[in-house]
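What follows is one structure encoded as structure tokens, with my remarks underneath.
All of the numbers you see were taken from the coordinates with simple rules; none came from a lab. Nothing here was measured: the structure is a model prediction, and the numbers come from that model. When we count neighbours, we look across all protein chains shown, and the Cβ atoms used for this are built from the backbone with ideal geometry, even at glycine.
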Amino acid sequence: MELFRLIAGTVFLVCGLFIFGVAVIGLFRFRYVLNRVHVAAKCDSLAVMLICIGLMFYAGTLGAILKLLLVIVLVWLANPVASHLICKVEVETNEHLEEECEVEGRP
Amino acid sequence: MPVLLFALWLAFSERITVDVIIVGVIAVALVSLFMYRFSGWSTKKDAQMVARIPAAIAYVFRLIFEVFKANIHMIALVLSDDPNGNIQPRIVAHKTNVKTQGKRVALANSITLTPGTVTVDVMGDVVFVHAIDDHSNKGLSTNPLEKMLENMERNQ
């Protein structure tokens, strides 16, 4: 049982770290803010969840598991709001938006 | 709602002893009294919320599944040879049939959570979305999450 917990936790942690690594690579490979937001903020949503699940396997006690669950809920609520605000500021302040992407409608 | 607050308190205190429970009951009573009195909570709304729980849980699991699927596509995109050449970024005005304010917020946040699409702005029933490539763009118009939200609204 102990061994199973260790293996399952490690698998989840490694998957989460892999996704975070991809997010960092993507951050540098894309050129434009709106494209970068996709990888920077988005892979986090999955990576944080996987890492927290891995830590749940390590933690073992009910209290710690519930707290990690709350961490996931908070990140999943805060993450879209943050990236949404970055995008909104970029779209509303950039006068040459059409050079970067096709615009079918503009707020 | 008070039950939820008390569960949160127990989760934070990590152990169940008499003193924890006494302090928790007093704190929860004070907070709920204040919220029911001044902040528009009511037992009717609580009952509505309890009725929605199964649909909400199904929605959350579907959301996690969608995030997984879109993330895999995103990883493939980042690790491809020429990420800047492979993408077709565009801002799409997406018209939604979701009516209530709260569900629109949920829809906008889910669109942002799924990699490949970011909600730029919500104006009335139009959601402005920045999609990174055609694949995400297509996924937007056949979004299963939006259908779930519409179903939830119809069943109320």
Most exposed to least, judged by fewest other Cβ atoms within 10 Å, B:SER39, A:SER45, B:SER80, B:SER13 sort to B:SER39, B:SER80, B:SER13, A:SER45
Note, the range B:10-16: 3J(HN,Hα) by Karplus (6.51, -1.76, 1.60, θ = phi - 60°), whole Hz, Gly/Pro = x, goes 5, 5, 6, 7, 6, 9, 10
The exposure ranking of B:HIS73, A:HIS96, fewest beta-carbon neighbours within 10 Å first, is A:HIS96, B:HIS73
When B:THR100, B:THR119 are arranged by how many other beta-carbons sit within 10 Å of their Cβ, fewest first, they go B:THR100, B:THR119
Computed ³J(HN,Hα) along the range B:40-49: with the Karplus parameters 6.51/-1.76/1.60, θ = phi - 60°, integer Hz and x for glycine or proline, the list is x, 6, 8, 5, 5, 4, 4, 4, 4, 5
Pairs over 22 Å Cα to Cα, from A:LYS42/A:LYS88; A:LYS88/B:LYS103; A:LYS67/A:LYS88; A:LYS67/B:LYS103; B:LYS99/B:LYS147; A:LYS42/B:LYS69, come to A:LYS67/A:LYS88; A:LYS67/B:LYS103
Once both label points are put 7 Å beyond Cα along the C-beta direction, the B:LYS44-B:GLU14 separation in nm becomes 4.3 nm
Zone reached by a paramagnetic label modelled 7 Å from A:VAL81 Cα along Cα→Cβ, restricted to the range B:11-55 with backbone N below 17 Å, covers none
If every Lys and Arg gets +1 and every Asp and Glu gets -1 at its Cβ, then about the Cα centre chain B yields a dipole, in debye to the nearest 20, of 660 debye
Treating only Lys and Arg (+1) and Asp and Glu (-1) as charged, each at its beta carbon, one finds that the protein assembly as shown has a dipole about its Cα centre, in Debye to the nearest 20, of 980 debye
For B:ASP121, other-chain or 5+-apart residues with amide H closer than 5 Å (H placed, Pro excluded) are B:PHE128
